Amino acid sequence: MSEPFEALQIPRSVESPIMKLLHFGMRPRLLVLFAMGLFSGGLFSGGQAVLGQVSESAGRSPESSPESSQEKGPRPMQIEDLFRYERYAEPQLSPDGKTVVYQTTRITDALKNTKSTNLHRFSLEDGTSSPVTASSKSDTHARFSPDGKRLLFESTRGGSPQLYILDSSVLGEARQLTSISTGASTGIWSPDGKQIAFVSTIRPEFSELPFAQSDAKNQEADEKAASSLVKAKVFTRLFYRHWDSYVEDKRQHIFVIQADGTECRDVTPGDRDAYPTSMTFSAGDDFCFTPDGRYLIITAVPAQGESWTTNYDLCRIDLSNPKSNWETLTKSNAAADCNPKFSPSGTQMAYKAQARPGYEADKWNLMVVDCKPDGTWTGEPKSWTSEIDRSVGEFSWTSDQSIAFVAEQDGATALFQA
């Protein structure tokens with residue numbers, strides 16, 4: 001275990017973006033450049049963490065605007081100052097390593113509590129930045145296709161969140177990929193770029209029907225519930241609420257669609273969540289295609305006793321027969337397992353795991369196991385972080401023999417390499 005970059009300290013707010021850059025093979029030098037101010041005036045300024053770039057167009061009340069104050073010189077920061085900052089997130093490095101696409105969020109009207117999020121492109125060759133989208137809604141979660149020619153992203157420009165595809169080399173109108181009534185999010189590409197997997201929250205009783213029929217029934221049920229004067233909720237199982245949101249009688253399922261927009265299908269039918277319902281067990285894209293593209297590895301919510309167990313498991317889904325039983329890869333561990341990622345060569349899979357069942361705050365270890373291209377394990381998983389007293393945050397393969405990860409250290413977030 002080593003601490004590269006002389007224990008580079010990373011503010012908590014940028015932990016996720018930095019690791020996502022590494023996931024696409026970012027070299028250490030580029031990582032340091034990003035941390036020290038790759039986006040001028042953005043996440044960092046002169047080595048100091050700031051919220052983002054000042055947006056002069058952010059809506060705010062003239063009476064409460066700092067500019068209208070009679071005070072001169074230094075003054076305490078006010079809430080209106082925060083409204084004026086643009087927030088950067090989700091940087092994604094192109095496969096050729098020349099471009100970063102990231103999202104920028106700004107407050108459009110503070111009094112009306114409205115905001116917009118758009119995608120921008122940053123050139124690592126000449127240091128210029130340019131807009132990729134210009135929506136008044138929300139464009140997020142950009143992902144380059146394996147060949148780098150297309151950009152997949154999620155947008156609410158049409159109302160509900162749907163997936164869109166844009167030619168990454170030129171600016172133009174994005175093509176809407178999904179039109180599912182329950183919305184689509186967290187889209188990822190298959191290794192060959194021919195398929196896309198995404199998450200949608202649906203009613204499980206319709207999930208085994210053909211897609212068009214299932215989607216129509218979900219839409220009908222949602223419209224009926226929205227128009228009903230009765231808003232009381234009836235629950236017959238635990239759990240029914242997680243923190244500030246109701247779980248209700250829906251499940252988060254994973255769908256697969258062809259990149260041309262055809263053959264959309266639910267590949268995790270049934271009354272079980274195929275995607276984490278709690279952020280405690282979520283670390284970004286919590287599912288992935290196997291290297292051969294024939295299976296999905298997902299982070300499945302416990303099949304039984306979800307309200308009192310932490311036994312999230314990694315399961316393998318056969319895309320040629322999605323109605324078959326999910327193959328549990330981590331059945332030997334009664335605690336939580338999540339966040340699968342294959343090595344660049346596809347011969348190993350890394351994931352995070354806890355050791356103490358039922359204990360949400362347990363240390364997260366980084367596990368690695370040898371595997372075949374279809375995700376079948378060929379050995380026993382081994383912990384690469386068992387000897388350090390640190391809980392692994394987000395992580396990324398940097399080579400077949402090395403993984404970079406972030407962990408809390410001395411009140412800050414440090415970057416490590418295993």
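Which members of the range 331-350 meet the condition of being on the phi > 0 side of the Ramachandran plot and either in a strand (DSSP E or B) or out of contact with any Cys (no Cβ under 9 Å at 6 or more places or on another chain) (or both)?
Passing the criteria: only Asn339.
Name the single residue, out of those in the range 370-407 being more than 23 Å from the chain's Cα centre (by Cα) and either assigned to a strand (DSSP E or B) or not assigned by the TED database to the domain that holds Arg294 (or both), that is nearest to Arg316 (Cα to Cα).
Filtering the range 370-407 for residues that are more than 23 Å from the chain's Cα centre (by Cα) and either assigned to a strand (DSSP E or B) or not assigned by the TED database to the domain that holds Arg294 (or both), the one nearest to Arg316 (Cα to Cα) comes out as Trp377.
Determine whether Pro146 is surrounded by fewer than 18 Cβ atoms within 10 Å (Cβ to Cβ), touching a strand residue (DSSP E or B) at 6+ places or on another chain (Cβ under 9 Å) and at pLDDT 90 or above.
Answer is yes for this residue.
Name the single residue that is nearest to the chain's Cα centre (by Cα) among those in the range 352-363 being closer than 19 Å to Glu380 by Cβ and surrounded by 16 or more Cβ atoms within 10 Å (Cβ to Cβ).
Going through the qualifying residues, I end up with Lys352.
Please work out which residue is nearest to Ser282 (Cα to Cα), limiting yourself to the range 231-253 and to residues that are exposed (fewer than 14 other Cβ atoms within 10 Å of the Cβ) and β-branched (Val, Ile, Thr).
Here the residue is Thr236.
Considering only the range 306-326, state which residues are part of a loop (DSSP other than H, G, I, E, B) and either modelled with pLDDT of 85 or more or within 18 Å of Cys338 (Cα to Cα) (or both).
Hits for the range 306-326 are Glu306, Ser307, Trp308, Thr309, Thr310, Asn311, Tyr312, Leu319, Ser320, Asn321, Asn325, Trp326.
Can you go through Glu173, Glu205, Glu223 and tell me which one is surrounded by 12 or more Cβ atoms within 10 Å (Cβ to Cβ) and out of contact with any helix residue (DSSP H, G or I) (no Cβ under 8 Å at 6 or more places or on another chain)?
Result: Glu205 is the single residue among Glu173, Glu205, Glu223 that is surrounded by 12 or more Cβ atoms within 10 Å (Cβ to Cβ) and out of contact with any helix residue (DSSP H, G or I) (no Cβ under 8 Å at 6 or more places or on another chain).
If you go through the range 214-226 one residue at a time, do you hit one that is in contact (Cβ under 8 Å) with a residue 12 or more places away in the chain, out of contact with any strand residue (DSSP E or B) (no Cβ under 8 Å at 6 or more places or on another chain), basic (Lys, Arg) and not in a strand (DSSP E or B)?
Within the range 214-226, one or more residues are in contact (Cβ under 8 Å) with a residue 12 or more places away in the chain, out of contact with any strand residue (DSSP E or B) (no Cβ under 8 Å at 6 or more places or on another chain), basic (Lys, Arg) and not in a strand (DSSP E or B).
The values are calculated or read from the model by the stated rules, or taken from the named source; none is laboratory data. All figures in this text were calculated on a predicted structure; none of them were measured in a lab. Glycine also receives a Cβ, built like all others from the backbone with ideal geometry; neighbour counts cover every protein chain displayed.
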